[in-house]
Structure formats: structure tokens, C-alpha cells
1. Among the residues of the stretch A:243-267, which ones are away from DNA strand C (no atom under 13 Å from the Cβ) and among the charged types (D, E, K, R)?
2. Residue check, A:ILE215 against (1) over 14 Å from the mean Cα position of the chain (by Cα); (2) surrounded by fewer than 22 Cβ atoms within 10 Å (Cβ to Cβ), all met but one. Which one?
3. If we scan the stretch B:170-184, do we find a residue that is modelled with pLDDT under 95 and either more than 13 Å from DNA strand C (Cβ to nearest atom) or within 19 Å of the chain's Cα centre (by Cα) (or both)?
4. Going through A:LEU151, A:LEU162, A:LEU200 one at a time, which residue ends up being in contact (Cβ under 8 Å) with a residue 60 or more places away in the chain, more than 21 Å from B:MET128 (Cα to Cα), crowded, with 19+ Cβ neighbours inside 10 Å and more than 16 Å from DNA strand C (Cβ to nearest atom)?
5. Which ones in the stretch A:106-124 are over 11 Å from the mean Cα position of the chain (by Cα), surrounded by fewer than 23 Cβ atoms within 10 Å (Cβ to Cβ) and in contact (Cβ under 8 Å) with a residue 60 or more places away in the chain?
6. Just need a number here: residues in the stretch A:142-179 that are at the interface with chain B (Cβ under 7 Å from one of its Cβ atoms) and more than 16 Å from B:GLY170 (Cβ to Cβ).
7. Does A:THR153 qualify as being farther than 24 Å from B:VAL178 by Cβ and at pLDDT 95 or above?
8. For B:LYS207, are the conditions met, namely being open to solvent by less than 70 Å² (accessible area, probe 1.4 Å), of a type in the set (Lys, Arg) and away from DNA strand D (no atom under 12 Å from the Cβ)?
2 protein chains.
Amino acid sequence: MYSKLVIGCFLQVLMAGRGARFHLQSEGRAALVPTSSHPADMLVRKLGSIAQLSDEERRAVMGLPMTARPLPGGHDIACEHDRPMQCCLILDGWASRYQFLAEGRRQIFSFHIPGDIPDLQCLHLRVMDHSLCALTPVMLAFIPHEAIRDLTTGYPGIAATLWRDTLVDGAVFREWMVGMGRRSACQAVAHLFCEMYVKLEAVGLAKNHRYKLPITQVDIADALGLSNVHVNRVLRQLREENLVVLRNGWLNISNWPELVKISEFDPLYLHVDRLAA
Amino acid sequence: MYSKLVIGCFLQVLMAGRGARFHLQSEGRAALVPTSSHPADMLVRKLGSIAQLSDEERRAVMGLPMTARPLPGGHDIACEHDRPMQCCLILDGWASRYQFLAEGRRQIFSFHIPGDIPDLQCLHLRVMDHSLCALTPVMLAFIPHEAIRDLTTGYPGIAATLWRDTLVDGAVFREWMVGMGRRSACQAVAHLFCEMYVKLEAVGLAKNHRYKLPITQVDIADALGLSNVHVNRVLRQLREENLVVLRNGWLNISNWPELVKISEFDPLYLHVDRLAA
DNA sequence: CGCAATCTTGAATCGATTCAAAGAATGTGG
DNA sequence: CCACATTCTTTGAATCGATTCAAGATTGCG
């Protein structure tokens, strides 16, 4: 059913290795798109984007055992009440964390993109208190908890870096709380688009205020605590005001400064040091 | 203005040391109410409630430099954009994290009680992306980041315990997101009351489904993304349904099983091991 | 006692939801 | 390559939950 897509995604990862070692963007920042057949490269780049890694630390990270595995879109990666024995690093595709409630209600907690380790928290919270699923066909690298624990025990700097990553995760939750609690539906949607742009741009997966957004309006609604009907109306409004256009899975931000302004977007909470200074 | 209250609060901490070393609850669990004049005792008990501490680790924690300091209610402890050099452990009183937005809107992210380290995240996220204030007169123990970093570098087990604490923090944010996004106002308020009861009960500050709740209806509204008027109506409804009564700063849960049921409260996300098993 | 903060209630309004149904896009198999 | 099924998007109309505004009651505090 999904095999074609999955193989396509797999090849994409492998073939990227043939290109230049780094895809440089206009800002001269190294992109996170897979440029090597070894998934650990992705992790090294990710951690390097959070904090400086020493040569020794880099070697230790490269030595982590990882198993790459494709998964079809819509598939659960880990479920509430599970006790996973490994974390997953996203090499390609999007994932999301969510929880189902009574009467078919759903709350999405986060969207995750390549370079993220969306279930890192289960390293220390053994039982999953929510679920994690692939939004698109994904390529994942699974890393045993055991290996990560050994690594963090031996290298406090790496522990601090991973810890920091989970703290940024929490900061994003706080910002989403603001969106759901105190922002209008319009502001909340605009804010989400700004956030995803900054995150994707930081790993080289977006530029020129345009990116692939492989989620449905229902997903946006469940993430922001709205109904899908209302999300649709908000999207129309944003389109009519020449701010953003979402069509065929691509998001085009026509007026970035205005979008930032109306959504009161301040990237401080993402703690991208190069931005926050 | 606040001096009497503050001194009262301070004495309360000091005088508790005269009593039995541990206040035992019916469940036989050690209570977290201050039982010693040394604030490090509180930290040892807190960490011990998260994970087992070895004797060596306990000694290391006891060796942390701490400065106890009272602060009047309403006072800010740390503000957005600050770069604190220390974390604070709450010895007595309540604190909350929040953010102000345009037009006087406010979002409260969390309520904190004795034993909590509400700004632990700034150990690795140098810049505060929100503010922290004392809700009531509080007694705080300030611990320099430097000392905590040395501790976590030398003792990976303690690092993991503190890390875990910040992860539970994030899990609570997720649950609040569910409340704001997909629960009715009534359910959200009820859920908050359940959550605070479990947290307070775990540190010996609540029992018999009754506890001191020193926050205003406006605070509840800003925490749950509601208007104060609506919170008032929801409280009346809960009272009329004989579920909870909030009066004079005390919360009385008349029908705990029903409150848990209507709010769909599942304490799993609090990751209190003794509960989750 | 009197001020200030908090709580309470009613009435009007608004933002968002629900329900329903049509239209567009996407993927599948013949 | 077309027809069909499915999923996603779009729009209108009725409704509802929550907000805003405003005024009065209560509580705590100096």
C-alpha cells in the first residue's frame, strides 16, 4: 500500500549521500538534509546545532548503534503506555505526538521534522504518556536507551546537550499553550506557520518563506484546539489578506513581517542561539 | 507591607524542624513539609521521591551551597529575558510561571509548590523565555548554576534525576494543552483541581481531598485560557453539583471519584512511580 | 470604618462549533 | 488511462460555549 512511497523515501536518504557533503544555504549554515548514508551524521549535526561538540564527543556519538528503518505514513511509532527500549531519530519525513480522548477528540502536542528525537523524553520517563506517529512516510534511526544512557554517563556534555533539547521541547509546549489559551484562532495558525518555518529553515528544509507542509487541516485543528471547519475559514482569511497560502501541501508565506507581527511571533522560545544571540 | 507574612512564613519553616523528623501520612510516605532548618534536606527528599539516591549522591546534594531567602507574594523571582545565575528551590509557598502578552492578556504555564525547582530549565536554557513569580509569600533556597553543573557532571545519576524532573514538567504542559484544546471549561477546572491534589498529596501538603489553594479565580482563568467570569460560573456549577467547593482559599473535593471521572483525570502523566507502577 | 481587591450575577454579543452537503484532490485497480 | 473510492477541503446555516461589559456584593486589610 505504502511501499512505493517508502522505498522512494529510503532512496532519497541514500542518494543524498552522493551530493556535496554539505548543502550550504545563503546564510552559510550547514543544512541538516541527509548527506551521508550513516544516520549518525544526522545526530552529530543536530547536536552540533545545539552546542559545540568536542572531537572526542563527536566520535562517541558516531559510535552509537543505530538501526535505520522506514515506516509508512500514519503508522504509530510508540503508543501511550508503551515502555520503549529505544529512541528514534527522524532522518526523513514528519512525525507528531498526540493523545486520543473520549468521543474521538484528539490533541496534537508537536510536529517533528528531520533531526528531531521526538521520544527522547522516554529515556527517563519510562512509560509513554502519549503516542507518537509518522505523519508522512518516514525514515527513522532507532537508538537503544542503553547506549544513550552509557553515552550520557560518560559524556556529561552530551547529556547536557540532549537535556537542553528536551527543554526546548518544553518551551515549545508553553508557547502552544499561549496560542490555545490567549491567542485568536487566526493568530494561533499564523504562529504555527512561523514556528515551523524557523525550525525547518534552521535545518535547511525551508527557504524563501516557503516549505512543504505535509499535514491536513484536521491536523492543524487538533494541534491548536480548533475545529477543522474553523481552520479552513482562518486559512481563507489569511489567504485573502495576502499573508500565507497553503495549497497542495506547500505553504507559501507572502508577507513574513506581517505574519510575524499579527501572530506576535518571537523566536526566543526556540532557543536557537544564532537567533536569540 | 508583607513583612509580617514573610517572617511568619520563615518561622514556620524553622519551627517545623523542632517536630518529628518525618511527618508520616496514612500511606506511610515521608512528607515533604520542611522538617529541618537546612534547605538541602528538602532537595534530598524531593530527589529521593523521583529516584533512589545512593549515600554518596545524598552527601553530594547536601553539600550544595544554598541561600535561603523569603520573598513577598506577588514578587517576580525571574523575568523573561533574564539570564539567571542560580535556580531556586521552593521551601514554602506557591509560585507560578507566566507570560504577559499584548492588551493585558496573560498566560500562566504552571503552579509550583514546596519541593519544586520551577526554574530548573534555565540551567541549560540561559535566557528566560517566560517569567516566574511568587503567588504567595515564599521561602526560597537559591542554588548557583555553577554548583548544580558541577554536581551533574560528577554524578550522572543526579543529572538524570534532575533531567527527569524537567521532563515531568513538560508532561504537565502537554496535559494542560489537552485541557485548553479539547476539554470543556468545566473539565479543565476539575482537572486542574485533581492535578494539584495529587501533587500536594505526594509531598504531604494535602489529605482527605482538601487543600489550601492560594490562587484567585483570575489566576485559574489565566492558567486555563478562560475569562475570570466564566471560571466563576464553572466554580458555581461544580459547587451545585456537589463536586468541589472553593472558599476562602481552601479547596474541598466533595466527590473525588466523580471529579476524576468528569475531568478524565489520569495521573499517568505526573509519572509518580508509586502511582503509575 | 473605609478602601481595594476579589467575587458574583445578568444581559448582550461574539468567536467558534456542529451539522450537512457539495466540490476538489489523490490514489487505486481494472 | 479512465472510473471509482477515499480522503481532504470548502461553504452555508443554526447553535452553543464563552466573552465582554457593567453593576452590585463580599472579603480582607490597614
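The values are calculated or read from the model by the stated rules, or taken from the named source; none is laboratory data. Quick caveat: nothing in here was measured; it's all calculated off a predicted structure. Positions of Cβ are generated from backbone atoms using ideal geometry, with glycine treated the same way; all protein chains shown enter the neighbour counts. Only protein heavy atoms, including side chains, enter the accessible area calculation; ligands, DNA and RNA are left aside. Shrake-Rupley method; radii C 1.70, N 1.55, O 1.52, S 1.80 Å.
1. Matches in the stretch A:243-267: A:GLU258, A:LYS261, A:GLU264, A:ASP266.
2. (1)
3. No; the residues of the stretch B:170-184 include none that is modelled with pLDDT under 95 and either more than 13 Å from DNA strand C (Cβ to nearest atom) or within 19 Å of the chain's Cα centre (by Cα) (or both).
4. A:LEU200
5. A:ARG106
6. So the count comes out to 5.
7. It is true that A:THR153 is farther than 24 Å from B:VAL178 by Cβ and at pLDDT 95 or above.
8. Values: open to solvent by less than 70 Å² (accessible area, probe 1.4 Å): no; of a type in the set (Lys, Arg): yes; away from DNA strand D (no atom under 12 Å from the Cβ): yes.
In short, no.
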